[in-house]
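Just below is one structure, and these are the notes that go with it.
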Amino acid sequence: MKPRIVRRTSLWAFCVLAWCAILTGIVLVWTVAAPSDSTGDSLMATSVVLGIGWVMTRLGRSRIEVHESGLALVDWWRREWIPWGAYRSVEKEDGLVIHTRGMEQHILMSFGSSMIEMALDQRGKGLLTRTVEAIRAGRLKASPESLKDRDIKVQRWEFIPADLLLVQLLVCLALTQTGIVPM
């Protein structure tokens, strides 16, 4: 079964639009740059813009995946796996908070509360309301085997392909500081 994915659509759309602006900015830096600008300056500007793109990628990946056997909480920096056997409850009062056995609380930064969210919640259309419903529906469909598993797995830093964008910052810095590419 495919997991149900819940994410803040506005944040994801903002990150996609930011990437479009970043790619446009890179093209403009290399095509519209004055002939007197050095290659090193253009390379550094591109490097900084790609670094911002890396941040946008990290922000846009926040989501909750409701699987048949548990929840995957994907935040900017980490991934947590909460099997249905460890899940206790979910609240949406001050943002989304998932409670597990041992009185642990799991909070995703992108699922925080806001005034807009509270107004949408009053109409039953808020993200937090939909997320709580999805989590509770997933829990009702849980298999008996998944209820036995109680081991929560937390991966503090999850490597994603976008992390390779950080390498270009180091390469650019090395090229310009050693004089291979003139500033």
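Total residues in the range 66-79 satisfying the condition of being of a type outside the set (Val, Ile, Thr) and either buried (at least 19 other Cβ atoms within 10 Å of the Cβ) or more than 18 Å from residue 156 (Cβ to Cβ) (or both): the figure is 7.
Taking the range 25-56 as the range and being open to solvent by less than 60 Å² (accessible area, probe 1.4 Å), of a type outside the set (A, V, I, L, M) and assigned to a helix (DSSP H, G or I) as the test, the residues that pass are 25, 40, 42, 46, 47, 51, 53, 54.
All conditions but one from (1) open to solvent by 60 Å² or more (accessible area, probe 1.4 Å); (2) in a helix (DSSP H, G or I) apply to residue 22; the one that does not is (1).
Does the range 85-106 contain at least one residue that is in contact with a Ser or Thr (Cβ under 6 Å, 6 or more places away or on another chain), more than 24 Å from residue 149 (Cβ to Cβ) and open to solvent by 20 Å² or more (accessible area, probe 1.4 Å)? For the range 85-106, residues in contact with a Ser or Thr (Cβ under 6 Å, 6 or more places away or on another chain), more than 24 Å from residue 149 (Cβ to Cβ) and open to solvent by 20 Å² or more (accessible area, probe 1.4 Å): present. Condition check: open to solvent by 60 Å² or more (accessible area, probe 1.4 Å) and either polar (S, T, N, Q) or free of Cβ contacts under 8 Å to residues at least 40 places away in the same chain (or both). Does residue 62 satisfy that? So residue 62 does not fit the description; no.
The values are calculated or read from the model by the stated rules, or taken from the named source; none is laboratory data. In this text the structure is predicted, and so the values were computed from the model without any measurement. Reconstructed Cβ throughout: ideal geometry from the backbone, glycine too, with neighbour counts over all protein chains shown. To get the accessible areas, we keep the full protein, side chains included, count just its heavy atoms, and leave off ligands, DNA and RNA. Shrake-Rupley method; radii C 1.70, N 1.55, O 1.52, S 1.80 Å.
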